[in-house]
Each structure stands twice: as structure tokens, then as C-alpha cells.
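Shown next, in C-alpha cells, is the structure this report addresses.
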Amino acid sequence: MFDGLLLLNGKVYTMDGPLPRAQAVAVSGSRILAVGADDELRGLTTHGQWQVVDLHGRAVLPAFTDCHLHFLAYALKATSLSLEEQLTLEGTLARVQEYVQSAELGAWIRGWGWSDSTWPPGSVAWRQLLDGVAPEHPVVLTKKDGHVIWVNSEALRRAGVDEDTPEPPGGVIERDSETGQPTGILKEEAMHLVCDAIPSPGAKERQAALRSAVAEAQELGITGIHDCGSWQSVHDQSFSDYQEMIGRDDLGVRVFMLLSRANLDEAIKVGLRSGFGDSYLRVGNVKLFSDGTLGSQTAEMIEPFLGQPDNRGVAAIAQQELEDAVLRAGAAGLACSVHAIGDKANRRVLDAFEKQRRSGSGRGLRHRVEHAQLLDAADVPRFKELDVIASMQPIHATQDMYIADKYWGERSKLAYAWRALLDTGAHLAFGSDAPVESMDPLVGIHAAVTRQRADGDPEGGWHPEQCLSVGEAVHTYTLGAAYACGSEADRGSITPGKVADVVVLSDDIFEIQPEDILRTRVMATVFDGNIVHGEKDL
Ligand SMILES: [Zn+2]
């Protein structure tokens, strides 16, 4: 056991205003002890046993936090059927058939990542197609955007969903126009009708999956996550899993655990407040949904989607209900994180926050809009005015840019508008939305800086006026992320007294060409004062 860790001969980007650059970092226990020049810090090693690491001039940054992901869903994805590689309907069905053949008889088949966006026009996902390849197993396939499921007849039967099942508020059970029978497509809140019937994995299975997901996160330089929970089930037990793992000292990541709306009443009753906890696990915001997605054209719009003159998307929650939830939560000390994609949804969420701010209660709560994908120009300055954090996922911009052009057209100039928001002085916090997209923060930083895909498409970037600098992008994954969960005094920069979470990168992303950010690797991750990933000798 060492008394301390000393990182020498590096290019340390502290993200700490008064001392932005340094050479060396000294760590004692789980905290940063000192930051400065090699010569200043070397003297510390005269007392006790020190682990001294020569960084050979490599760049050191505060470790990253992913401000929006669904960690258990990400972890369990590894144990379910992946359909992401299948670009055709035939390929998707063949993959399901193959998987079913090796599955236990009658066991639930969970799949992930199908998308009809590449299927030829006219092909539709029907339950009968799945019945053809999986007549006996209940099959539930989540669409790539996470807001639609495609199920077979056996799954509907086990869940008790039929032509008489009423539509739940905020959800859609797609039905055959002639027979009234469910087609096998369930959207938004209607997904629960089937997903809640799937037996949830046991604690052992969940925690094993979480452990390997934590190891993956550490390899990517992530030591903090804002876990938005599993949207497929209200029976998400991650909060207790994390506590058990902390008890065994094997969590390996700091968690800000958002609460689902279904738990709001209980949370108020027991007096839980956002921020309660310690440096490992904190009670997060209450997660609410105000609309659907761009990919499914269920985002709530001020004006209709291009080419769909009657479609202004879906309000997943009535305004009155949204305002009530924000007010009640706020009065109890719970901040809210509200999913909003369309410009109308974003406006409504800001309206709700404005009402709460005007009521004078809940001062200082770190309210957030999750995604904030499309904004009307009039709403851009309201984030700063209302002190609402924009929690965004840069990879969505480069993944969705062509769909955005198709359905939003001209309006896309204020889509994923992080530059416009930052220029007003708003707080930004970035994440990945994993498992929807890759968890890798360097992929996100690259997207934020270039607004280009990995292959450089489109040339010059998509609406490049919204690009961030590398420093601004890094801020959103470090100090901005800490601010978004009220932990900026304790983490987010390399500052004496803060937690010792840092990353060492193979290349200096502040100096290299932006396209080379994607080739940069995380050489080492320090979490809580220990090197948890990478070579001890760099
Ligand atoms: Zn999400």
C-alpha cells in the first residue's frame, strides 16, 4: 500500500480557473493533495511510500462524467440480442430466428437496436412477422431510440394485452385498422404494458452486468454517471444495487441516480432530496418526460414535421400535470430533469420551470432539460434566465442530422444548439444516452467540436456555427457535469481537496487535429486515488 500517488512530467489541464495548467498532481488517499510544477511536488515524497508515475508529457484531465445514460439497460444490453448490425427487415428476422433456436424453451427474448429507417418503404414491423420466426417464445424488441417496442403474439398474450386493452396515458398501442387487434408495436408509456411482464433479472445477474459496465466506463475514462434509470421498467433496482456494491467496495464509479416519476410520491413522503448522499452515490433529479423522439416523429413541435402537415408530435404529459409535478417535487427539495426533444416540448418544460421559479420555492435546485434537441429562438435565452441546465448528448447531433434535416428542415439551425446556449451563459452538461449511443466521451467531444461523423461527413460540419472548442466540450463532461449534480465543490476539476479522479490521454486533444480526437485513447484512469485502468508505468 502506498501513502500517496504522484503524477509527474505531464501536461495537466486542471479545468480550475486560477491554475489552468500544471505539470504534476499529488494524490493522498482519495483526494487531490497538491497541483503544481514537478519540482514543487517532488518534495512530498520524502515522507512515506509514494507511487510515482512519469507521464512522459502526456495530457491529464479531470476524469469524465456521463450526464445522461441508462446504466442498467446498458449493462444488460450485453446479455440480450443485439440487432444494431441488421439493416434489413429480413436480416433482423433471421437474427431473431437464430437467437431463439438457442434460447431456453418459452423464455423471454429481449432484443435491442432494430430500426426501420433503413428498411425499404412499405415494410412494417408486425407481430405476425415475429410469430413466423418465434412462435413459442415471447419476444420484445426495443427500437434503437428506446421509445418503441416490437413484440410478438406470445408476448402480448403473456402480458394480457389484446383488442380490449385501453391505451395508457402518454402511450400508443398500434392497432390493425380492420380488426382492432394490436399490431405488436407499442410506443412510449404503452411499452410498460409488456415490459413490466418480463421477469426482471435477479440481483446477482444485475450486479455482475453492472460490474462489467463499470469496467468499460473506467476504460473510457468515466468515473461519474448520471443514471437516468431504465425507462422500460418501473422496477429498476439499480439504486439498491449501487448501495450493495458500495458496501462491498466494488462500485468503481460515482453515481447520481435519477428517480422515476412513479417514485415521486414516495420520495416526497420519506423526505429524499436531490443531492442527498455522499461522493459515491447521490439522490438525483426526478426524471419526467414531456414528449417522444425525432426518430419516431413523436417529438412535440410548435409547427408540424416537414412532410407530415398533421403531425405535431406527442405530448407525453399534460402541461398542468407537468407543472404540478415540478412544483411538488421542487417544494420538497427535488430538482427535475425533463426529457424534451421538440421545440414545443422544450418551451413547455421551460414554462413549468418558470412557474416554479416564480412561486419562490425550490431556490437553488439544479433543474435540467434532458436532450433540449430543438429550440425556438425565443427559448434559447430562457435556460440562462431560469438557471436551467441543458443536458445534451453531442453524438445525437451527428447520428440524427439527416433525419433532423428531413423533418425539421430550416429549423435545424437551432437543433443541438450548444453554442447558442453557451453564448447566453447557460450551463451545459454532456452525456451519451447509452445504450442508445456509444458511452465514449471522446466520441462525444469529437462530435461537439466538429459536428461531423467519424468519416468527416459532412464537410465543414453540420451547422458548424454551433461547434464548441475542445476546452468548452471537456468542461461539459467535467466541471459542467459536476455543476449539473450540485457537486462542483467536490469534483470536476483537478483542485486540491477535490476527489482524485483523473485521466491520462494518449494524445493532447487540445493540440491535435479535431479528427484525431477519435484516435485518442485513455491510457490510465484514476478513481478515488487509485489507478483503476491502465498501466501502472505509462
Ligand atoms: Zn435517455
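Quick notes on this one:
- Remark: segment 45-61, residue by residue, has Karplus-estimated 3J(HN,Hα) of 7, 5, 10, x, 9, 10, 8, 10, 10, 8, 8, 6, x, 6, 7, 10, 10 Hz, where x stands for each Gly or Pro and the curve is 6.51 cos²θ - 1.76 cosθ + 1.60 at θ = phi - 60°.
- Positive-end ranking of 80, 156, 115 along the dipole of segment 32-163, with charges on Cβ about the Cα centre, is headed by 156.
- Annotation: amide H of residue 389 within the under-5 Å range of 367, 368, 369, sequence separation 5 or more or interchain, hydrogens built in the peptide plane.
- Longest segment of the chain lacking GluC sites (Glu not before Pro) that sit in a DSSP loop with at most 11 other Cβ atoms within 10 Å: 179-458
- Distance from the alpha carbon centroid of segment 54-122 to that of segment 364-386 works out to 31 angstrom.
- Dipole in debye (nearest 20) - the chain, about Cα centre, beta carbon charges: Lys, Arg +1; Asp, Glu -1: 1260 debye
- Chain lengthening between residue 406 and residue 243 when straightened (0.36 nm per residue, less Cα-Cα): 54.2 nm
- Note on segment 138-187: the C-alpha convex hull projects to 3.5 nm² when averaged across all orientations.
- Residue 301 accessible area, assembled protein chains, probe 1.4 Å, Å²: 10 Å²
- Taking each residue as 0.36 nm, the span from residue 530 to residue 51 lengthens on full extension beyond its C-alpha to C-alpha distance by 171.4 nm.
- Calculated [222 nm] ellipticity per residue, helices only, for the chain: -8500 deg cm²/dmol; basis is -39500 (n - 2.57) per DSSP H run with n ≥ 4, divided by all residues, nearest 500.
- Cβ-based net charge around residue 254, under 10 Å, with every Lys or Arg adding one and every Asp or Glu removing one: -2
- Temperature 25 °C, viscosity 0.890 mPa s: under these conditions the Stokes-Einstein estimate for segment 419-493, based on its Kirkwood radius over C-alpha pairs, is 188 µm² per second.
- Solvent exposure of the chain, expressed per residue, is 40 Å² of accessible area, with all protein chains present and a 1.4 angstrom probe.
- Filter on 144/204; 77/204; 143/204; 143/287; 143/413; 355/413 - keep pairs with C-alpha separation over 23 Å: 144/204; 143/204; 143/413; 355/413
- Residue 303-residue 177 FRET efficiency (beta carbon distance; Förster radius 35 Å; 0.05 resolution): 0.80
- If you take all other residues with their beta carbon under 11 Å from the beta carbon of residue 103, and give Lys and Arg +1 and Asp and Glu -1, the sum is -2.
- Cβ-defined net charge surrounding residue 179, 14 Å radius [Lys, Arg +1; Asp, Glu -1]: -4
- Apolar share of the accessible surface for the chain: 51 percent from carbon plus sulfur atoms, 1.4 Å probe.
- Heavy-atom accessible area order for 408, 126, largest first, 1.4 Å probe: 126, 408
- Distance (nanometres) between label positions extended 7 Å along Cα→Cβ at residue 269 and residue 385: 3.9 nm
- Just so you know, the averaged projected area of the alpha carbon convex hull for the chain sits at 25.2 nm².
The values are calculated or read from the model by the stated rules, or taken from the named source; none is laboratory data. Just so it is clear, the structure is predicted and the values come from calculations on it, not from any experiment. Here Cβ is always computed from backbone atoms with ideal geometry, including for glycine, and neighbour counts include all displayed protein chains. Calculation scope for accessible area: heavy atoms of the full protein, side chains included, ligands and nucleic acids excluded. Shrake-Rupley method; radii C 1.70, N 1.55, O 1.52, S 1.80 Å.
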